[in-house]
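The values are calculated or read from the model by the stated rules, or taken from the named source; none is laboratory data. On a predicted model such as this, the values are computed, not experimentally measured, just so you know. For neighbour counting, all protein chains shown are included, and Cβ atoms are generated from backbone atoms with ideal geometry for every residue, glycine included.
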Ligand code: ZN
């Protein structure tokens with residue numbers, strides 16, 4: 001178990017107040033802070049670059065914004081909460097009547113104390129967000145208001161953080177997280193911080209496979225990265241989109257587009273091994289960047305493990321998704337789950353499975369000699385709740401190794417950990433009774 005609770009707490013507090021968006025100084029500043037944790041390369045993609053069907057947007061900056069009432073009092077103030085301005089708002093300084101300003105105000109009647117999070121990335125518009133309580137307190141039909149947004153656009157760039165960790169095998173797994181949300185804690189500051197510490201831990205390990213870690217603004221950032229790294233991205237084995245990992249609710253995972261992919265099975269196994277109750281969300285086209293990475297051109301099976309998944313918690317995309325909602329302890333537990341999964345995934349080449357070379361009736365096991373494959377580890381062992389002996393495991397493995405079933409599936413069927421099963425499989429491969437074959441997903 002790794003314990004980064006106090007560091008996670010400090011980084012949450014430092015990064016939370018920064019105004020992040022699709023582009024801009026807040027994203028750079030956030031990545032520079034994360035560089036203290038891991039040696040990220042910061043990539044800049046210029047505004048105007050065509051990326052498939054999209055264009056890298058102009059860079060947005062904001063200095064200040066507020067609404068004043070007729071007595072000159074600030075009743076909505078960006079400097080008090082950066083959610084108060086719709087992200088990518090255009091500049092404005094104007095007096096206006098209630099009937100005009102109301103078209104630009106966003107609040108939530110169902111969650112009257114919360115400020116909603118809104119963006120206007122692709123249409124020139126401006127807006128303010130406030131709690132319904134403040135709306136009722138400060139706004140009425142007969143009043144006049146002064147709105148002020150000191151914001152601007154320039155031909156700048158979109159910023160992405162990247163770290164490539166080379167293992168022995170150049171085949172890569174993708175680890176992606178997004179950095180475009182302003183002061184929102186679970187979605188997705190928790191994910192960015194977890195990803196940084198995950199990278200730091202992976203750098204310490206001797207890895208079989210390679211890992212491509214990216215911090216992108218959601219959607220346009222993922223598209224920009226795919227367009228600029230198309231060949232590398234097409235070769236990715238499978239991936240993770242790390243988001244919403246620090247809430248107060250249950251653990252869950254969102255499956256990759258192919259429910260039979262080994263990654264889904266690994267995750268279920270890890271939850272079960274850790275006695276964690278979890279919710280399974282099947283792949284859905286709505287969500288995060290998995291829909292870019294899993295699109296036809298790339299088809300990367302991409303999963304997310306969450307603790308309070310986006311859409312599912314009432315504070316989602318509101319000011320109540322704050323540092324009181326997430327906890328560094330929860331992020332640390334999620335970090336350990338991700339590490340567990342990647343350690344297991346890293347041990348095994350999941351492009352292959354095994355086929356029994358002696359399929360006709362059972363093999364004579366005494367021909368294998370004694371088989372101390374797993375030493376004394378298997379019995380008793382916390383990963384061997386079923387109390388199977390090595391002989392049982394060997395028999396089951398030979399029985400199920402038809403060349404079409406992956407180890408993760410066999411592991412669920414006979415209830416032992418994938419890595420223990422893999423060691424037994426390698427032993428049987430050396431004895432010539434199992435043979436590696438390409439696993440068609
Ligand atoms: Zn979001």
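Numerical summary
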| item | result |
| --- | --- |
| Residue in region 217-240 that is crowded, with 24+ Cβ neighbours inside 10 Å, under 12 Å from the mean Cα position of the chain (by Cα), within 16 Å of the ligand (Cβ to nearest atom) and closer than 28 Å to residue 3 by Cβ present | no |
| Residue within region 204-222 that is out of contact with any helix residue (DSSP H, G or I) (no Cβ under 8 Å at 6 or more places or on another chain), in the same structural domain as residue 305 (by TED's automatic domain parsing) and assigned to a strand (DSSP E or B) present | yes |
| Number of positions in region 280-331 that are crowded, with 24+ Cβ neighbours inside 10 Å, part of a helix (DSSP H, G or I) and away from the ligand (no atom under 16 Å from the Cβ) | 2 |
| Every residue from region 155-198 that is more than 16 Å from the ligand (Cβ to nearest atom), within 19 Å of residue 29 (Cα to Cα) and part of a helix (DSSP H, G or I) | 196, 197 |
| All positions within region 135-154 that are closer than 18 Å to residue 96 by Cβ and in a helix (DSSP H, G or I) | 135, 138 |
| Conditions (1) at pLDDT below 95; (2) within 16 Å of the ligand (Cβ to nearest atom): number failed by residue 142 | (2) |
| Within region 53-74, tally of residues that are part of a strand (DSSP E or B) and surrounded by fewer than 18 Cβ atoms within 10 Å (Cβ to Cβ) | 7 |
| Flag if residue 50 is surrounded by fewer than 14 Cβ atoms within 10 Å (Cβ to Cβ) and either closer than 16 Å to residue 134 by Cα or out of contact with any helix residue (DSSP H, G or I) (no Cβ under 9 Å at 6 or more places or on another chain) (or both) | no |
| Which numbered condition residue 30 misses (of (1) surrounded by 14 or more Cβ atoms within 10 Å (Cβ to Cβ); (2) in contact with a helix residue (DSSP H, G or I) (Cβ under 8 Å, 6 or more places away or on another chain); (3) outside the structural domain of residue 293 (by TED's automatic domain parsing)) | (3) |
